[in-house]
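The structure appears below as structure tokens.
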Number of protein chains: 2
Amino acid sequence: MISALAILSRDPGSQARAGVLRTAHGEVRTPAFVPLATKATVKGLEPRDVAGLGYDMVLGNTFHLFLEPGHERIARFGGLHRFMRWDGPIITDSGGFQVFSMGHGTVADEIKGRAPQGADRSGAILEIAEEGVRFKSYINGDERFMAPETSMEVQAALGSDLALVFDECTPFHATRDYTARSTERTHRWLRRCLDWHAEHGPPEQLVFGIVQGGVHDDLRRESTEIVGTSEVDGVAIGGSLGETKAQMHEVAGWSTQVLDEVAPDKPRHLLGIGEVDDLIRGVELGIDHFDCAMPTRIARHGMALVPDPERRWRVDLTGARFKDSDEPILDGCPCPCCAAGFSRGYLRYLLKARELTGMRLVTLHNLAFVSRLMTDLREAILQGTLREVAAALRTGAAPGLSRSAA
Amino acid sequence: MISALAILSRDPGSQARAGVLRTAHGEVRTPAFVPLATKATVKGLEPRDVAGLGYDMVLGNTFHLFLEPGHERIARFGGLHRFMRWDGPIITDSGGFQVFSMGHGTVADEIKGRAPQGADRSGAILEIAEEGVRFKSYINGDERFMAPETSMEVQAALGSDLALVFDECTPFHATRDYTARSTERTHRWLRRCLDWHAEHGPPEQLVFGIVQGGVHDDLRRESTEIVGTSEVDGVAIGGSLGETKAQMHEVAGWSTQVLDEVAPDKPRHLLGIGEVDDLIRGVELGIDHFDCAMPTRIARHGMALVPDPERRWRVDLTGARFKDSDEPILDGCPCPCCAAGFSRGYLRYLLKARELTGMRLVTLHNLAFVSRLMTDLREAILQGTLREVAAALRTGAAPGLSRSAA
């Protein structure tokens, strides 16, 4: 099997690598961040905006698109690329995360180690069985069923370039015993997904397996080996990575250590992780691509990314102290928001008034910020300066600004 | 007084004229439609988008900006142009329409001849007096006061290129007697606005008076003469124009007939009118610029403008019949939505999911449609073909398409 990933350079001081992932719809420069196009759109942006920010690939959501508008409908439109007018690479997640999040509070809560928030939701898991998962649609309450084969069938219909296998996303609060049994089921489902894809899947579609195993060293390493040595094109690291950032980095590292041995050339995706320090650490650990709702979601709530490690690289633009601020989000930032001169005061006003343009402008800024961060990291690997660049970024250097100034 | 409007061509078969309105922030090609930037933003768009659609001027709202973020704050930012990063001409309405709409159901209902809908609203008029209007803010319930001088002071602080005087917007259901007395007060307020502006207003700011008089021929003509012969730079036609389109066109025509006699060179604005047939008729009646919430507001509710006079030039994209439609909103349309190939089916899906991108894309289409319509009308006046062009547009020719095909 020829690897879809051409590794151009490896960092001598870490596991990091820079390369190019080749897909049926073009190349992805790695390491890369992948913006979410959950419901066939990066919220508030057009495809031309996303490409203009330097992104090669977006991530669509199998679960949501299965429910609405339905994969058969999207297939009639010629697939997800044509439907949403994005002609670059698309990765689709498998729906496992979303299906299981209906059963365990939100999986996002679980993954962050928070107790379930018990929000009212019309969707709910009805049954988890070996065959698959029965659940109620959050759209209309209809009973639906998703098996590993369903997920692959949906992703085949969507025509994504990278499909993820259907997994059971084990919650953080699960016991070790539950996690072990759940992980074994994930491996059986991996087999079913690969079998389905070999027989029915689009030949040009890459398939990524998903590593589970909770926060247990042996389970994670075993899962990584099983997934990494199967006939997958790439490996995604999923599930709960722990309660703290240190634990998250450690757990992800277990997988990439094993992968460095058993599948050194296969591309690796870290699921749902995208804070600035996590991206830097993930790159050092040898992750090739990441997706996360954070940059776009926090933007719609008025939070902008800034080079401020003390405050999780965020500033809350809705704060009263910005009422009269004529400063841009970030001095010298070349994003469409800062470069046009929109002030924090104006953005605060728009965000408080829930104006669409405010959400759009901060989304553009945040995605531009992360795009420059990934470009900095990639360039540093190619130039052998990752150690210095990562250190500078961690202590608050603004991504891309030294580069654009040079 | 030198007219701000340079008339380049007059249509021999109607009152229509094409020209250039000169303002402190540049020129406006007339006849023109003016998109609403009510709260210092064209909802969902950036200024570069609006300019890219061919618009020279936008309209900001004195009433809303007075309440939030406040004109003093905007002045500290250097004025509305700098605050919202629009460096072209800006017209600000006076706030009269909005203040009075709190007292009479919505004025929009009134102007369309509908009964008040009695929607729950926290804002309310407390007192209408000769001095001005006391009302409760819809933002926080605070008691506020707006007099003619307040409106001019706010507009001076905003630094708009065209200010409108403060008027009493007489509702449709008012009696003739009330309308007559109200119109007289509007004239006294015009005098106070002009006096305030002469002493305190920015010298480069143009001031437009507002004609009232309801649907009464003699009151309208008298109001037009009083406003048109005062030292205003331009004349806006406001208030209720009647219950039907025929009446609206007749009432607007009374004013432009009088203006053709008493102030033929002064620019004329028709307030709050923007349906396709109304724009065509308005241009024939000698209106130079129009504003209206319609194209942007209906876009956010999923309605797109199309050359279909039978259906008020609209198509409701949320209709179930578009679920599988791979057609663009309008074949051959050069707008950013149609040109990128977004289908009605995809837009329907986005709109039903309340996705921001859906609202943005239809807004871009609608404003592009109206921009091409106005360009067609202007070119026709300049080339002496208004009669044919207007007839074609009325019967369903797509604006701009024959031109772009030629």
Sole residue being touching an Asp or Glu at 6+ places or on another chain (Cβ under 8 Å) and either at pLDDT 95 or above or closer than 29 Å to A:Ile7 by Cα (or both), chosen from A:Gly332, A:Gly302: A:Gly302
Qualifying residue in the stretch B:168-175 (condition: under 24 Å from the mean Cα position of the chain (by Cα), within 27 Å of B:His289 (Cβ to Cβ), at pLDDT 95 or above and among the charged types (D, E, K, R)): no
Selection from the stretch B:249-280 of residues that are within 15 Å of the chain's Cα centre (by Cα) and of a type outside the set (Asp, Glu): B:Ala252, B:Pro267, B:Arg268, B:His269, B:Leu270, B:Leu271, B:Gly272, B:Ile273, B:Gly274, B:Val276, B:Leu279, B:Ile280
Unique residue being surrounded by fewer than 24 Cβ atoms within 10 Å (Cβ to Cβ), of a type in the set (Lys, Arg), under 16 Å from B:Asp288 (Cβ atoms) and at pLDDT 95 or above when the list is B:Arg10, B:Arg48, B:Arg82: B:Arg10
Residue among A:Val28, A:Val34, A:Val42 that is within 14 Å of chain B (Cβ to nearest Cβ), surrounded by 18 or more Cβ atoms within 10 Å (Cβ to Cβ) and closer than 19 Å to A:Gly272 by Cβ: A:Val42
Search result, residues across the stretch B:51-78 that are buried (at least 24 other Cβ atoms within 10 Å of the Cβ), within 12 Å of another protein chain (Cβ to nearest Cβ) and within 18 Å of the chain's Cα centre (by Cα): B:Leu65
Filter result (of a type in the set (Gly, Ala, Ser) and part of a helix (DSSP H, G or I)) within the stretch B:46-70: B:Ala51, B:Gly52
Residues satisfying the stated conditions in the stretch A:302-318, i.e. touching a residue at least 24 places away in the same chain (Cβ under 8 Å) and either basic (Lys, Arg) or within 14 Å of chain B (Cβ to nearest Cβ) (or both): A:Arg312, A:Leu317, A:Thr318
Contacts under 6 angstrom Cβ, first residue in the stretch B:44-55 being among the aliphatic types (A, V, I, L, M), partner assigned to a helix (DSSP H, G or I), 6 or more apart: B:Leu53/B:Leu367; B:Leu53/B:Ala368; B:Leu53/B:Ser371
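Residue by residue, here is whether (1) of a type outside the set (A, V, I, L, M, F, W, C); (2) surrounded by fewer than 21 Cβ atoms within 10 Å (Cβ to Cβ); (3) out of contact with any His (no Cβ under 7 Å at 6 or more places or on another chain) holds:
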{"residue": "A:Ala180", "(1), (2), (3)": "no, yes, yes"}
{"residue": "A:Cys193", "(1), (2), (3)": "no, no, yes"}
{"residue": "A:Gly209", "(1), (2), (3)": "yes, no, yes"}
{"residue": "A:Arg221", "(1), (2), (3)": "yes, yes, yes"}
{"residue": "A:Gly238", "(1), (2), (3)": "yes, no, yes"}
{"residue": "A:Glu243", "(1), (2), (3)": "yes, yes, yes"}
Residue selected from the stretch B:300-321 under the condition outside any loop (DSSP other than H, G, I, E, B) and touching a Phe, Trp or Tyr at 6+ places or on another chain (Cβ under 9 Å), by the criterion farthest from B:Thr395 (Cα to Cα): B:Asp316
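For every residue, the table says whether it meets (1) surrounded by 19 or more Cβ atoms within 10 Å (Cβ to Cβ); (2) within 27 Å of the chain's Cα centre (by Cα).
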site	(1), (2)
A:Ala320	no, no
A:Pro334	no, yes
A:Cys337	yes, yes
A:Gly341	no, no
Hits in the stretch A:343-354 - residues which are closer than 17 Å to B:Lys43 by Cα and either buried (at least 21 other Cβ atoms within 10 Å of the Cβ) or touching a helix residue (DSSP H, G or I) at 6+ places or on another chain (Cβ under 8 Å) (or both): A:Tyr346, A:Leu347, A:Arg348, A:Tyr349, A:Leu350, A:Leu351
Filtered residues of the stretch A:165-182 (kept if touching a Leu at 6+ places or on another chain (Cβ under 8 Å) and under 25 Å from A:His200 (Cα atoms)): A:Val165, A:Asp167
Complete set of residues in the stretch B:77-102 that are part of a helix (DSSP H, G or I) and either farther than 15 Å from A:Leu347 by Cα or touching a helix residue (DSSP H, G or I) at 6+ places or on another chain (Cβ under 7 Å) (or both): B:Leu80, B:Phe83, B:Met84, B:Gly96, B:Phe97, B:Gln98, B:Val99, B:Phe100, B:Ser101
Total residues in the stretch A:346-359, condition in contact with a Lys or Arg (Cβ under 6 Å, 6 or more places away or on another chain) and in contact (Cβ under 8 Å) with a residue 12 or more places away in the chain: 2
Tally of residues being under 16 Å from B:Arg360 (Cα atoms) and of a type outside the set (Asp, Glu) across the stretch B:39-60: 11
Residues being touching a residue at least 60 places away in the same chain (Cβ under 8 Å) and in a loop (DSSP other than H, G, I, E, B) - total across the stretch A:203-222: 2
In the stretch B:276-285, residue nearest to B:Gln98 (Cα to Cα) [restricted to those that are out of contact with any Pro (no Cβ under 9 Å at 6 or more places or on another chain) and not β-branched (Val, Ile, Thr)]: B:Asp278
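The values are calculated or read from the model by the stated rules, or taken from the named source; none is laboratory data. The structure displayed is predicted, hence computed values, not measured ones. Note that each Cβ is placed from the backbone with ideal geometry, even for glycine, and that neighbours are counted across all protein chains shown.
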